[in-house]
Amino acid sequence: MYEKYVELRDKKHVTDYRVSVDTGITKSTFTDWKSGRSKPKMDKLSILADYFGVSIEYFLE
């Protein structure tokens, strides 16, 4: 999932900080996902899907 997030983030030319400010998802949450310490919950996936204009299923594939 994190790899798909990075792909969308880079395509949109934004940083984790910008996504954090725009969505309210903390930067530490992205760090936890990247390291595998935690997996995204559906509410966060929904926010990211809306932000990037993709479906939640995109992240789950």
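Within region 44-59, being part of a helix (DSSP H, G or I), more than 11 Å from the chain's Cα centre (by Cα) and either acidic (Asp, Glu) or modelled with pLDDT of 95 or more (or both) holds for one residue alone: 57.
Before we move on, is residue 4 surrounded by 15 or more Cβ atoms within 10 Å (Cβ to Cβ), charged (D, E, K, R) and assigned to a helix (DSSP H, G or I)? In short, yes. Can you confirm whether region 20-39 contains a residue that is modelled with pLDDT of 95 or more and at positive phi? Yes; the residues of region 20-39 include at least one that is modelled with pLDDT of 95 or more and at positive phi. Please work out if residue 47 is of a type in the set (A, V, I, L, M, F, W, C), touching a Leu at 6+ places or on another chain (Cβ under 7 Å) and surrounded by 11 or more Cβ atoms within 10 Å (Cβ to Cβ). Spelling it out, it is not the case that residue 47 is of a type in the set (A, V, I, L, M, F, W, C), touching a Leu at 6+ places or on another chain (Cβ under 7 Å) and surrounded by 11 or more Cβ atoms within 10 Å (Cβ to Cβ).
Collect the residues in region 10-44 that are hydrophobic (A, V, I, L, M, F, W, C) and touching a residue at least 24 places away in the same chain (Cβ under 8 Å), keeping them in residue-number order. The answer is 19, 30, 33. Taking region 17-40 as the range and being among the charged types (D, E, K, R) and surrounded by 11 or more Cβ atoms within 10 Å (Cβ to Cβ) as the test, the residues that pass are 18, 22, 27, 32, 34, 39.
The values are calculated or read from the model by the stated rules, or taken from the named source; none is laboratory data. Predicted model, so just to flag it, every value in this text is computed and none were measured. Don't worry about glycine lacking a Cβ; one is built from the backbone with ideal geometry, like all the others, and counts go over all protein chains shown.
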